[in-house]
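K.L.:
Can you keep this structure in mind? I'll have questions shortly.
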Amino acid sequence: MVLTVEQLGNGSAFIVRESASNTSILLGCGDFIPSQSSDSDKKESAHDDDFGSGNARGSATGSTRNMDQESSRGRKRRHYLKALMDFGDQKTSNEQLDAILISDSRPASCWMLPYLTEKILSSTDTRIIMTHATRMLAPKIISDLWKEGHPTSSTNSSSPSSSLFDIQDIAKSFAKATTVSLRAKTRINDNLMITAYHAGHIFGGCCFHVEMISPTSTILLFYVNGFNINGTCVVVASDIPRLYPDLLLTNSRYAVSVSETKNGMENDLVKAILESLQAKGKVIIPVHRIGFVQELMTIFYRYWKNYQLESIPIYVTDSSIQYPDRSTSLLGTSILSKTYRDVLGDFDEHLETEEQMPFFCQPFDWKLLHDQGKTSSFVVFTTPANIAQGDTCRVLKALASDPRNLIVLSEDCFPGSVSYSLYADPERSEASKKLGIEIECGVHYFPCGNEIDAKSIVDMARQIAPQHVLLSSSTVSEDEELITKYLAAQLRKDPYIGKHMRVEHIPLDGPMHIPLASRAIPIRLHKTFLKNPNDVQGIIIAETRRKMMLMTTGTGIRRLKKPRHSLQYSKSWKYVPEKASRRRKNDTRPTSSGISFLLSASVGSDEEEDDQEQPQANVMDILELIIKESKHWLLDTPVHRQDLWIKARSIELSVTIDWQVCINWSYRDEELAGRIFSIAKQTIRYEYAKLL
């Protein structure tokens with residue numbers, strides 16, 4: 001049994017195939033993820049192939065290293081697109097995709113879905129699986145990004161030739177999706193079953209537990225594209241049980257680093273912002289209209305409220321940004337954090353009292369950019385997250401030349417983007433050249449929750465306890481080796497995991513074949529079970545060639561030629577009658593002398609001794625009553641008396657004259673012994689009450 005895993009687009013998508021059941025699934029279909037320069041990039045030549053327009057090879061005046069990197073990225077992107085196009089050429093049912101799993105609404109997870117469903121796939125049998133929140137949020141995010149890339153295109157017209165899909169394809173593709181609820185098993189076909197679990201990093205984000213069922217075995221795969229075990233300010237932490245899958249597949253682009261704690265990163269962010277505001281500076285925060293902006297605004301709202309910073313306004317350049325987002329309540333309050341629910345409650349109280357929050361989320365007045373010397377400090381959220389486009393570029397060009405100002409980068413900050421060049425280059429020469437301005441303002445980077453670092457992977461592996469951890473390859477080879485050694489060393493410390501777990505990276509040059517041992521072991525049934533109509537006890541004996549035999553206890557012992565051991569138990573119980581409560585009569589006689597008092601006390605003690613005497617039990621009658629009641633309740637089970645004992649299978653019961661019951665039994669008759677013992681106790685209570 002072999003599982004084949006292939007990585008596409010530097011971790012944008014994964015193709016998983018299972019040979020025994022002919023099951024094929026596509027995990028994610030995000031935009032191509034550019035990687036940092038690796039050994040394979042440097043060794044590749046700079047030639048182009050015939051597929052697509054791709055990227056230019058660079059001018060002769062550019063540096064050779066940049067030309068090679070751009071050419072390598074272009075070839076990898078075209079290879080990614082060609083791999084997606086191959087799905088449209090699959091003619092037989094064995095080659096077709098069974099399902100496409102979309103884990104969240106980020107472009108890194110679902111950007112290529114319109115291109116795949118509307119331009120490539122002709123079969124309607126492929127199921128597209130995502131959560132309700134992802135289907136609600138993803139079309140809006142993808143549409144916004146498409147419009148940013150095509151600002152001059154009309155929404156009713158076809159996209160330019162450089163675009164892979166039209167804007168009309170976005171709504172059509174997500175309308176074909178099948179939504180699933182968290183922790184609910186969804187059967188795709190006879191060979192595939194999927195369960196979604198809350199991931200805890202964004203609205204609607206989930207992890208998928210995939211069961212590939214074949215006639216001989218079942219392979220368990222757990223796919224993680226993003227998660228947060230600790231939760232965020234908006235979404236509660238991930239809730240994933242220990243599933244013991246065969247394979248854990250996750251992204252490792254940021255595994256080379258270990259992130260700080262959430263509170264530490266938030267404190268650093270607020271500290272950098274307050275320092276800029278105290279110096280009479282302005283703060284620019286580029287964001288997308290939907291998604292992570294709710295997380296940032298929750299952090300700001302909490303600090304603005306606690307530190308009484310109402311005098312510093314917070315603006316938004318896009319009026320469609322709403323805080324708090326009322327549509328999140330439609331997703332269910334169970335995934336919303338307590339902090340975010342408290343924010344919703346605060347705003348509801350202000351709406352009831354018709355009061356305004358003048359400092360929060362005001363529409364931005366563009367005149368503030370021209371009167372910088374006269375205006376006070378403020379914070380402005382701009383759109384889009386790409387600093388080279390839209391309102392963000394306009395605000396940045398006006399404020400970037402002042403060193404007192406600050407820009408906070410979070411979303412859309414990956415290798416190859418303008419935001420990353422601004423963050424990674426201390427001299428900021430490349431970003432200044434692309435934007436056409438001189439950038440002198442401060443830069444602070446705040447992770448937007450998409451980064452799965454090394455500690456997060458270790459925590460997830462400890463949580464679900466897989467047999468094999470498979471990481472995407474999007475970093476340099478030295479980093480991959482370092483990550484593998486670090487994860488293996490950390491996981492060996494866990495006593496529940498031990499040394500059996502393997503950690504590997506997916507190769508970049510082709511599919512990876514993973515042989516998995518079958519968990520299904522065939523069990524044969526011995527013919528003696530068919531001859532016995534009653535419930536019998538049996539044992540399982542291991543045979544050669546991974547086979548098991550289920551047979552009766554007697555047959556198994558004879559076959560093993562082992563002596564049979566017997567476990568005997570005993571228990572005793574004595575009836576203790578309850579003392580009758582009686583009132584002492586009030587003595588109306590006059591007080592007597594000391595001698596009379598002593599005589600009366602001795603008489604009282606004699607009465608108490610008489611009260612403590614108990615009648616003796618009639619053992620023979622009690623045994624007969626127990627046998628009579630046992631036959632009434634036990635029906636066909638033979639019960640008989642031998643002298644002063646009652647025998648039933650391996651059970652021996654006796655009664656003494658002082659109302660005590662003693663019973664012995666074998667472990668095989670545990671249930672029967674308990675029933676007879678209870679009958680004996682009830683009989684003794686009844687007989688004792690008759691004597692009184």
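K.L.:
Taking the stretch 477-489 only, how many residues are farther than 16 Å from residue 452 by Cβ and at pLDDT 80 or above?
P.N.:
Selection size over the stretch 477-489: 3.
K.L.:
Let me ask something additional. When you scan the stretch 316-326, how many residues do you find that are out of contact with any Ser or Thr (no Cβ under 9 Å at 6 or more places or on another chain) and not in a loop (DSSP other than H, G, I, E, B)?
P.N.:
Selection size over the stretch 316-326: 1.
K.L.:
Which numbered condition in (1) more than 21 Å from residue 293 (Cβ to Cβ); (2) touching a residue at least 24 places away in the same chain (Cβ under 8 Å); (3) not aromatic (Phe, Trp, Tyr) is the only one that residue 421 fails?
P.N.:
Condition not satisfied by residue 421: (2).
K.L.:
Ok, one more. Search the stretch 289-306 for residues being in a helix (DSSP H, G or I) and of a type in the set (Val, Ile, Thr), and hand back the single one that is surrounded by the most Cβ atoms within 10 Å (Cβ to Cβ).
P.N.:
Filtering first and then ranking leaves 293.
K.L.:
Looking for something over 19 Å from the mean Cα position of the chain (by Cα), assigned by TED's automatic domain parsing to the domain that holds residue 508 and part of a helix (DSSP H, G or I) - is there at least one such residue anywhere in the stretch 460-477?
P.N.:
yes
K.L.:
Would you mind finding the one in 673, 617, 680 that is in a loop (DSSP other than H, G, I, E, B), of a type in the set (A, V, I, L, M) and surrounded by 15 or more Cβ atoms within 10 Å (Cβ to Cβ)?
P.N.:
Of the residues listed, the single one that is in a loop (DSSP other than H, G, I, E, B), of a type in the set (A, V, I, L, M) and surrounded by 15 or more Cβ atoms within 10 Å (Cβ to Cβ) is 617.
K.L.:
Out of (1) in contact with a Phe, Trp or Tyr (Cβ under 8 Å, 6 or more places away or on another chain); (2) outside any helix (DSSP H, G or I); (3) at pLDDT below 85, the odd one out for residue 416 is which?
P.N.:
Every listed condition holds for residue 416 apart from (1).
K.L.:
Within the stretch 275-288, can one find any residue that is part of a strand (DSSP E or B) and under 11 Å from the mean Cα position of the chain (by Cα)?
P.N.:
no
K.L.:
Are any of the residues in the stretch 212-229 among the aliphatic types (A, V, I, L, M), in a loop (DSSP other than H, G, I, E, B) and either within 30 Å of residue 457 (Cα to Cα) or modelled with pLDDT of 90 or more (or both)?
P.N.:
yes
K.L.:
Before we move on, is residue 432 free of Cβ contacts under 8 Å to residues at least 24 places away in the same chain and either over 31 Å from the mean Cα position of the chain (by Cα) or surrounded by fewer than 19 Cβ atoms within 10 Å (Cβ to Cβ) (or both)?
P.N.:
Yes.
K.L.:
Would you pick out the residues in the stretch 376-385 that are over 18 Å from residue 274 (Cβ atoms) and either surrounded by fewer than 20 Cβ atoms within 10 Å (Cβ to Cβ) or hydrophobic (A, V, I, L, M, F, W, C) (or both)?
P.N.:
Selection gives 385 alone.
K.L.:
Hey, does the stretch 335-353 have a residue that's of a type in the set (Lys, Arg), at pLDDT 85 or above, under 26 Å from residue 146 (Cα atoms) and out of contact with any Phe, Trp or Tyr (no Cβ under 9 Å at 6 or more places or on another chain)?
P.N.:
no
K.L.:
Could you grab me the full set of residues in the stretch 597-631 that are of a type outside the set (D, E, K, R) and modelled with pLDDT of 80 or more?
P.N.:
615, 616, 617, 618, 619, 620, 622, 623, 625, 626, 627, 630
K.L.:
Return yes or no: is residue 309 modelled with pLDDT under 85, surrounded by 14 or more Cβ atoms within 10 Å (Cβ to Cβ) and not charged (D, E, K, R)?
P.N.:
In short, yes.
K.L.:
Output the residues belonging to the stretch 279-332 that are in contact with a Lys or Arg (Cβ under 6 Å, 6 or more places away or on another chain) and either without any contact (Cβ under 8 Å) to a residue 40 or more places away in the chain or among the hydrophobic types (A, V, I, L, M, F, W, C) (or both).
P.N.:
279, 290, 320, 321
K.L.:
Residues in the stretch 375-385: is at least one within 20 Å of residue 441 (Cα to Cα), part of a loop (DSSP other than H, G, I, E, B) and at pLDDT below 80?
P.N.:
yes
K.L.:
Just give me the residues in the stretch 386-398 being surrounded by fewer than 23 Cβ atoms within 10 Å (Cβ to Cβ) and not in a loop (DSSP other than H, G, I, E, B), in sequence order.
P.N.:
Of everything in the stretch 386-398, those that are surrounded by fewer than 23 Cβ atoms within 10 Å (Cβ to Cβ) and not in a loop (DSSP other than H, G, I, E, B) turn out to be 390, 391, 393, 394, 397, 398.
K.L.:
Let me ask you something else. What number of residues within the stretch 490-511 satisfy the criterion of being part of a loop (DSSP other than H, G, I, E, B), β-branched (Val, Ile, Thr) and either at pLDDT below 75 or farther than 24 Å from residue 24 by Cβ (or both)?
P.N.:
1
K.L.:
In this structure, does residue 241 turn out to be surrounded by fewer than 18 Cβ atoms within 10 Å (Cβ to Cβ), at pLDDT 85 or above, on the phi < 0 side of the Ramachandran plot and in the same structural domain as residue 461 (by TED's automatic domain parsing)?
P.N.:
The answer is yes for residue 241.
The values are calculated or read from the model by the stated rules, or taken from the named source; none is laboratory data. Predicted model, so just to flag it, every value in this text is computed and none were measured. Glycine also receives a Cβ, built like all others from the backbone with ideal geometry; neighbour counts cover every protein chain displayed.
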